[in-house]
Amino acid sequence: MSILACEKNGRPHTYRFPWANFTDLLRTRAREIPDKDALIFCDVDTHARSSLTYAELETRTATIASALHDRHGIGPGDCVALALPNAIEIPLLTLSLFRLGATSVPLDLKRDTPDRKQFKINDSGSRVVCTFNDLFDEEQCALPESRLVATEELDEADPPVPDLEPEWSGTPDLEQHTNVVLYTSGTTGTPKGACLTRQSLTSNADGIIRWLEFDDTDRLSLVLPLHHVNSTVFSLTMLMTGGTLVLNSRYSLHGFWPVIQEEVVTATSIVPTIMHDLNASDGPAASDLTHLRKVMIGSAPVPAGAACRFVDRFGVPLMQGYGTTEVSLRVTGVPPSLEPELYRKLLEENSIGRELANCNVAIQGEPDEGELGEILVRGPVIADGYLNQPEATHESFSNGWFRTGDIGCWKTVGEDRYYFIHGRAKEIIIKGGVNISPIAVENAIVESVDEIAAAYVIGMPSERWGEEIWAVIVYRDGVEPDETLTQSIRERGLSGEVEGLSAFEAPNHIVVYDPDDLPKTSTGKVQRSRIRDILVEERG
């Protein structure tokens, strides 16, 4: 079977983009709905607002593409790095590069060190680094093979841009053209650049559209970093449906709900840390959120109890999905049109949902229902490997399948197969030969101990057990961290008094953290592996 295909109902299945290419899509939207808002940008700090219609989006991307091509020689196959904060220029530049058949390489300005920025620029061979005037420090990050270009200068060219983007021919070479290189946010070692192709990006966007039943009435608010796969692919869903994309300058607890309400947003995408913030703070009544149809959540384990509290409080369904950068975002999702009782059951059981339209999901070794194994994915959503890393590519992409490194299982619910995740393969704790899911332990602690807002469970080296269980906890607002209280929680667990947690699974050590001190990725996902490294180092 082709790497661009999966299997549906016993037959090979792939995805065909309905337009000749992105250039054709932009021109079609500009012709059919010229005056409709395509992009809205909200600065949550200054409260400034700007917008572009579909006609303006087509013109601006043509202008930028023309400037990049005529002045800087950017064409098919060239890489361009984006050194920008969340700004409307990111989707503009990304689409402009698509029009040139070129490749976007977003940088993480907040968390990338100068050396890491330099690595991404050099590894991708980026010929140009686009930035705002005076934002990117060229002295800190030397650019021997690249040159800086201020985005302010790219609006001065005269279209038309040459038609350089290849049309969608159905041939693997063109469908596997890399549109975006997204570097994985590993905590150690060299980051890996996942080569997301126009086939993988659009087939995943199509799967999300079908999953969430998006249409041209949707107004999608994005608060996560625009260099992340979540925002990259969700942005495409609105362009492909003719909806409206609402971009936030950053995630702001105090700005989250005002943007949702003022822009009459119908959907948004968050991570569990944002859900925790919203649960713990003031917010609108459910009666004021009737226009908000769904909130997507994923990118990190979702605590079931907190998810139920969010739904009960705000009256908006949470749609959990699962995926990775290498599969271009989502490959499973809980459907939005389920009967209420079934939806609640899946929410409480923390399901990551069913297989989406343009992929296959499997558990390695094809184990029986409920048995754990590594989650595998195949289909047109798969990235074209890692840039310049053949060994890592061979290790993770094998026989048409991508090995996610996540451990999960499947269960039959009704007539469908639903998936459940138990943690990263490297994070599964093996105590005395017994596999223990850190997510299950975390959920039991948070749900049974009222004083705890969040818990992160890891395995630490132990001569007797191989690994022993440690928990890093964050107390709820208003609870004063106290050594006596912490010791009491530990003893309750070890004596079997925590519901859903056996004494064998209970943490033998508990460390209290301030939430601001937890190591996180740019999307707010807490890095258990980094916590473990810190504690191992401190332990000596």
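Distance from the alpha carbon centroid of the range 376-446 to that of the range 54-133 works out to 32 angstrom.
The alpha carbons of the range 1-129 stretch over 51, 41, 34 Å along the principal axes, in descending order. Packing order of peptides 282-293, 211-222, 385-396, highest average first: 211-222, 385-396, 282-293 (average count of other Cβ atoms within 10 Å over each peptide's residues). In the chain, the ratio of gyration radius to Kirkwood radius, Rg to Rh, stands at 0.96 when only Cα atoms are counted. Taking a sphere under 9 Å around the Cβ of Pro438 and counting the other residues whose Cβ falls inside, with K and R at +1 and D and E at -1, yields a net charge of 0.
Rg and Dmax over the alpha-carbon atoms of the range 275-419 stand at 17.0, 54 Å. In the chain, the DSSP beta bridges split such that about 60 percent are antiparallel, to the nearest 5. Note on Val264, Val457: ascending count of other Cβ atoms within 10 Å places them as Val264, Val457, the fewest first.
Give me the net charge of Leu535's neighbourhood, meaning all other residues with Cβ under 12 Å from the Cβ of Leu535; Lys, Arg count +1, Asp, Glu -1. Working shown, then result.
Values: positive: Arg528, Arg530, Arg532, Arg539; negative: Glu468, Asp533, Glu537, Glu538.
So the environment of Leu535 carries a net charge of 0.
Exposure proxy shown here: for Arg476, Arg464, the number of other Cβ atoms within 10 Å sets the order, fewest to most, as Arg464, Arg476. Among bridges DSSP assigns within the range 426-539, what percent are antiparallel (round to 5)? The antiparallel proportion sits near 80 percent. The angle between the Cα long axis of helix 114-124 and the longest principal axis of the Cα atoms of the chain comes to about 60 degrees, rounded to the nearest 10.
For the chain, the longest principal axis of the Cα atoms and the long axis of helix 22-32 meet at an angle of about 80 degrees.
Given N residues in the range 426-539, what is its alpha carbon radius of gyration divided by 2.2 N^0.38 Å? Present the calculation step by step, with values, prior to reporting the outcome.
On the way: Rg = 13.4 Å, N = 114, 2.2 N^0.38 = 13.3 Å.
My calculation over the Cα atoms of the range 426-539 gives 1.01.
Which whole-number percentage describes the relative contact order of the chain, with Cα contacts under 8 Å and a sequence gap of 6 or more? It would help to have the intermediate numbers written out before the result.
On the way: 1099 pairs, mean separation 63.5, N = 540.
Once divided by the residue count of the chain, the mean separation gives 12 percent.
Averaging over every viewing direction, what projected area does the convex hull of the Cα atoms of the range 228-354 cover, in nm²? Present the calculation step by step, with values, prior to reporting the outcome.
On the way: hull surface 30.7 nm².
Hull-based average projected area comes out at 7.7 nm².
With respect to the chain, whose longest principal axis is taken over its alpha-carbon atoms, helix 229-241 is tilted by about 50°. Between Arg49 and Arg16, what FRET efficiency follows from the Cβ-Cβ distance if R0 is 41 Å, with the result rounded to 0.05? My answer for the efficiency is 0.65.
Distance between the modelled labels on Thr190 and Leu135, one decimal in nanometres: 2.8 nm (7 Å Cα→Cβ projection).
Using a simple spin-label model with pseudo-atoms 7 Å out from Cα toward Cβ, Arg210 and Arg71 lie 4.3 nm apart.
Shown for Lys294, Lys120: other C-beta atoms within 10 Å of each C-beta, ranked fewest to most, produce the order Lys294, Lys120. When the helices of the chain are scored as -39500 (n - 2.57) per DSSP H run of n ≥ 4 and the total is divided over every residue, the value at 222 nm lands at -9000 deg cm²/dmol. A simple spin-label model places pseudo-atoms 7 Å from Cα toward Cβ; at Glu480 and Ala285 they are separated by 3.6 nm.
Every number here is computed from the coordinates shown, using simple stated rules; none is lab data. Because the structure is predicted, anything quoted here is derived from the model rather than measured. Cβ coordinates were reconstructed from backbone atoms using ideal geometry, including for glycine residues, and neighbour counts include every protein chain displayed.
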